Amino acid sequence: MQLSATERKIIENSIRDIKDFPKPGIIFKDITTLLNDKQAYGVLMNHLYQKYKSYNLDYVAGIDARGFIFGAALAQMLGIGFVPIRKKGKLPYTTISEKYALEYGVDEIEVHLDAFSGIQDAKVLLIDDLIATGGTANAAAKLIHQAGATCVEACFVIGLSFLDGIATLKETTEVYTLVEVN
């Protein structure tokens with residue numbers, strides 16, 4: 001299921017470009033304007049619900065922090081659980097973690113060890129606002145598998161297709177982006 005041309009335009013027009021943020025040469029895709037546009041956010045969430053309602057998902061997992069906004073709302077709409085995948089040190093219970101490379105260094109994300117323990121071979125949708133190089137998303141998909149679940153698809157509002165993140169993540173799971181930036 002794809003967005004209609006009208007739906008795509010509504011969502012695209014609600015995303016603000018911020019030049020030279022967080023550093024010179026970067027054009028930051030600001031979704032706060034999408035979130036405070038009731039029509040655009042409604043179109044987005046309705047589309048995601050319609051797309052994923054037949055997947056028989058057990059959980060939606062959102063990547064810290066913007067994935068929480070879309071993931072928790074979608075999980076509620078689908079009538080399933082939400083699992084946060086957080087930056088290291090933010091979860092209160094026993095966790096498993098996965099490191100991933102940054103441009104200059106390494107970062108790490110975690111999920112609770114028992115995040116998917118209620119359902120054997122749980123089917124999980126991974127969601128975040130944007131995929132660029134894919135380091136965080138790949139680490140999150142690996143964490144889902146390490147926790148005993150299956151990442152059936154990774155969904156992003158925005159995909160930066162001029163970077164290799166989408167192609168790299170497709171080696172691990174299916175990938176869906178609503179808006180691609182070339």
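Selection over the range 148-172 of residues that are surrounded by 22 or more Cβ atoms within 10 Å (Cβ to Cβ) and part of a loop (DSSP other than H, G, I, E, B) gives a count of 1. Residues of the range 29-83 that are more than 23 Å from residue 118 (Cβ to Cβ), touching a strand residue (DSSP E or B) at 6+ places or on another chain (Cβ under 6 Å) and not acidic (Asp, Glu): 29, 31, 33, 66. From the set of residues in the range 22-43 that are of a type outside the set (Val, Ile, Thr) and either under 18 Å from residue 131 (Cβ atoms) or within 17 Å of the chain's Cα centre (by Cα) (or both), which is modelled with the lowest pLDDT? Residue satisfying both the conditions and the ranking: 22. Scanning the range 107-146 for residues being buried (at least 22 other Cβ atoms within 10 Å of the Cβ) and over 16 Å from the mean Cα position of the chain (by Cα) gives a total of 3. You will find that of 59, 100, 93, 52, the residue that is surrounded by fewer than 20 Cβ atoms within 10 Å (Cβ to Cβ) and either in contact with a His (Cβ under 7 Å, 6 or more places away or on another chain) or farther than 17 Å from residue 131 by Cα (or both) is 93 and no other.
Of the set (1) without any contact (Cβ under 8 Å) to a residue 24 or more places away in the chain; (2) not in a strand (DSSP E or B), all apply to residue 118 but (1).
Among the residues of the range 24-51, those identified as aromatic (Phe, Trp, Tyr) and within 18 Å of residue 158 (Cβ to Cβ) are 28, 41.
The values are calculated or read from the model by the stated rules, or taken from the named source; none is laboratory data. Given the structure is predicted, the values throughout are model-derived calculations rather than measurements. Cβ coordinates were reconstructed from backbone atoms using ideal geometry, including for glycine residues, and neighbour counts include every protein chain displayed.
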